[in-house]
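Let me begin by presenting the structure, written as structure tokens, before commenting on it.
Derivation of every value follows stated rules applied to the coordinates shown; laboratory data play no part. Just so it is clear, the model here is predicted, and its values are computed rather than measured. Methodologically, a virtual Cβ is constructed for each residue, glycine included, from the backbone with ideal geometry; neighbour enumeration extends over all protein chains shown.
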Amino acid sequence: AKESGRGNRQFYTPSMEASAIDVLQHERLLREAIVDNAFVLHYQPQISLEDGSLQGLEALVRWRHPQRGLVGPDEFITFSESRGLITPIGRWVMREACRQLKEWQDEGLALVPVAVNLSALEFRQRDVAGEIAAALRDTGLAPQYLGIELTESVLMHQTGQVLDTLNALKALGVGISIDDFGTGYSSLAYLKRYPIDSLKIDRSFVVDTPGNPDDVAIVTAVIQMARSLQLKTVAEGVETPAQVQLLKGLGCDLIQGHVVSVPLDAVALQRWMRDLPV
Ligand code: C2E
Ligand code: CA
Ligand code: CA
Ligand code: CA
């Protein structure tokens with residue numbers, strides 16, 4: 001309503017108009033970015049706690065913003081979902097991750113699997129299994145070098161479609177991880193129902209360890225449960241040597257976090273890998 005009564009004035013402040021313009025500008029630039037492919041993947045290493053070897057990579061998308069440099073996904077993934085723009089971005093991420101891995105393989109570099117994030121909306125809207133099969137076929141990458149990370153919100157819906165998609169990916173040989181484990185609508189029933197390979201323990205449970213006994217108890221319980229279910233565990237957001245020691249003692253399989261490396265672009269990652277102890 002555009003009444004000029006005093007009661008309505010608070011809804012039309014100059015700062016709100018400015019922010020509405022900002023939102024439109026953000027959307028316009030994002031649409032241009034999709035046309036121009038103005039995105040880049042960074043890769044964060046996951047290493048084994050047993051021997052320190054590189055075991056996997058997580059692909060994390062960034063936007064090459066015309067004014068602001070590299071912009072992180074928190075500033076455009078949810079936004080692009082709300083504007084109906086996530087599908088082309090998600091498709092690009094999937095194909096680019098496959099393309100890059102195949103390129104490394106062709107260059108004779110040691111290859112470990114790369115995991116791609118798929119939001120609940122993407123999982124619902126896209127033919128994930130069909131697209132992944134096509135991306136693997138078109139790039140020539142072997143399926144065991146690709147994984148997906150899904151949040152618990154995908155799995156809480158008891159739909160046959162989710163089960164069919166995950167079974168199809170499993171049959172292809174693509175790895176399936178539960179991202180941010182413990183932060184969603186936790187029903188442990190889905191661990192039984194779906195063909196899951198690993199649990200990623202959310203950073204929020206790791207960040208205050210080893211000092212916070214409640215968090216230590218949660219992390220301990222998750223690792224024990226995962227081991228009993230023969231799921232691998234990946235601890236996220238590991239930042240300190242004390243956290244590394246704790247997780248190692250608890251039998252966590254892999255760690256990912258700043259203590260190992262921040263996410264790196266393709267060139268920096270190869271440099272980082274060359275410096276790994278053999
Ligand atoms: P996530 O999947 O939980 O990814 C981990 C995030 O934690 C990344 O942030 C990573 O840079 C950050 N991180 C890693 N190690 C540490 C650490 O030791 N300390 C701290 N403080 N942070 C750490 P990033 O790259 O900003 O990504 C944020 C989120 O955006 C991701 O969270 C993921 O949910 C989403 N995302 C990223 N790429 C994609 C994508 O291609 N598609 C979709 N749908 N979502 C994506
Ligand atoms: Ca993730
Ligand atoms: Ca995560
Ligand atoms: Ca997270």
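Based on DSSP, what percent of beta bridges with both residues in the chain are antiparallel, to the nearest 5? Of the beta bridges lying entirely in the chain, close to 40 percent run antiparallel. For the range 24-37, 3J(HN,Hα) computed residue by residue from phi via the Karplus equation (6.51, -1.76, 1.60; θ = phi - 60°) reads 5, 4, 4, 5, 4, 5, 5, 4, 5, 4, 5, 5, 8, 6 Hz, glycine and proline entered as x.
Summing charges over neighbours of VAL207, with a neighbour being any other residue whose Cβ is under 12 Å away from its Cβ, gives -4 when K and R count +1 and D and E count -1.
Just add up the charged neighbours of SER187: K/R +1, D/E -1, any other residue whose Cβ is under 11 Å from the Cβ of SER187. Result for the neighbourhood of SER187: +1.
Fewest-first ordering of ARG95, ARG274 by other beta carbons within 10 Å of each residue's beta carbon gives ARG274, ARG95.
Would you mind checking which residues have amide H under 5 Å from PHE39's amide H? H placed 1.01 Å from N; only 5 or more apart, or other chain. For PHE39, whose amide H was placed from the backbone, the distant partners under 5 Å are ARG64. Taking all Cα pairs closer than 8 Å and separated by 6 or more residues, the relative contact order of the range 86-225 comes to 19 percent.
Between amide H atoms placed 1.01 Å from N, distances below 5 Å from GLN55 occur with GLN46, ILE47, SER48, all of them 5 or more places distant or on a separate chain.
Computed from the alpha carbon positions, the gyration tensor of the range 13-151 leads to an equivalent ellipsoid with semi-axes of 31, 17, 14 Å, biggest first. For LYS232, the residues whose amide H sits under 5 Å from its own are SER198, LEU199, ignoring neighbours fewer than 5 places away on the same chain, with H placed 1.01 Å from N.
Phi angles across the range 55-64 convert, under the Karplus curve 6.51 cos²θ - 1.76 cosθ + 1.60 with θ = phi - 60°, into 3J(HN,Hα) values of 10, x, 9, 10, 7, 10, 7, 10, 10, 7 Hz, Gly and Pro given as x. Across the range 117-213, Cα-Cα pairs farther apart than 15 Å form 62% of the total.
Only helices enter the 222 nm calculation for the chain: every DSSP H run of n ≥ 4 contributes -39,500 (n - 2.57), and dividing by all residues gives -14500 deg cm²/dmol, rounded to 500. Note on the chain: semi-axes of the ellipsoid equivalent to its C-alpha gyration tensor, largest first and rounded to whole Å, are 33, 24, 21.
Considering only alpha-carbon pairs that sit under 8 angstrom and 6 or more positions apart, the relative contact order computed for the chain is 18 percent. The spacing between the range 36-70 and the range 207-278, judged by their C-alpha centroids, is 17 Å. Based on Cα contacts under 8 Å between residues 6+ apart, the range 98-164 shows a relative contact order of 45 percent.
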